[in-house]
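Scroll down for the structure; my scribbles are underneath it.
The values are calculated or read from the model by the stated rules, or taken from the named source; none is laboratory data. Since this is a predicted model, take the numbers as computed values, not measurements. Cβ sites come from the backbone with ideal geometry, for glycine too, and all protein chains shown count toward neighbours.
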Amino acid sequence: MASGFGYNGGVSRCFAYWQEFSKCYAQTDVPSKCSAQVEDYLECLHHTKEIARAKAVKAEFIRKAEHQAHEGRKAADILADGVIVGVGLISRGEAAHSK
């Protein structure tokens, strides 16, 4: 359970979610109605959905890099850029010519 105290004192980062869950749980006769609050609280604690989303983005980036490798650019060069999310306004080749 959440004590309400953070690591450095004060309120913990997930305490608001815990309060919403405990408020819902205290007011209902059917605990399954509070599943959204439980889900929010557990996501705050463990970040499972956030981690899964980041892994999916990374896997898609790697998949696209491998696909571009078949079009002539080396996959290692694409992955060495290290940019998973970008707007695509400046490519690596154009940046060298603009100076």
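One table, with the values for the structure above:
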item: A59 modelled with pLDDT of 65 or more, part of a helix (DSSP H, G or I) and within 30 Å of S12 (Cβ to Cβ); result: no
item: Residue that is surrounded by the most Cβ atoms within 10 Å (Cβ to Cβ), among those in region 13-67 that are over 19 Å from the mean Cα position of the chain (by Cα) and aromatic (F, W, Y); result: F21
item: Checking S91 against (1) at pLDDT 65 or above; (2) surrounded by 10 or more Cβ atoms within 10 Å (Cβ to Cβ), the condition it does not meet; result: (1)
